[in-house]
Amino acid sequence: MADELLTVPEVMARLRLGRFTVYDLIRSRRLLSITVGRARRIPGHALRDFITHEIQEAA
């Protein structure tokens, strides 16, 4: 997962969250993303880092 670029729908499926929530995470800079042309992509490592951070915050 570390080297891939994920689409928003892929992140939605992996986190089981809605589109608005994923874009809100991106807007608030809690989830790193890049723009390629007009497409928004989330690096796999950014998703892993987000999950790790959320687990640490919950503990």
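The values are calculated or read from the model by the stated rules, or taken from the named source; none is laboratory data. Please read these numbers as outputs of a predicted model, since none were measured by experiment. As a convention, Cβ positions derive from the backbone with ideal geometry for all residues, glycine included, and neighbour counts pool all protein chains shown.
In this structure, residue 30 qualifies as under 9 Å from the mean Cα position of the chain (by Cα) and of a type in the set (Lys, Arg). The residues on offer are 16, 48, and the sole one that is at pLDDT 95 or above, charged (D, E, K, R), out of contact with any helix residue (DSSP H, G or I) (no Cβ under 9 Å at 6 or more places or on another chain) and surrounded by 10 or more Cβ atoms within 10 Å (Cβ to Cβ) is 48. Looking only at residues of segment 28-38 that are surrounded by fewer than 11 Cβ atoms within 10 Å (Cβ to Cβ) and not hydroxyl-bearing (Ser, Thr, Tyr), we find that the one that is nearest to residue 49 (Cα to Cα) is 29.
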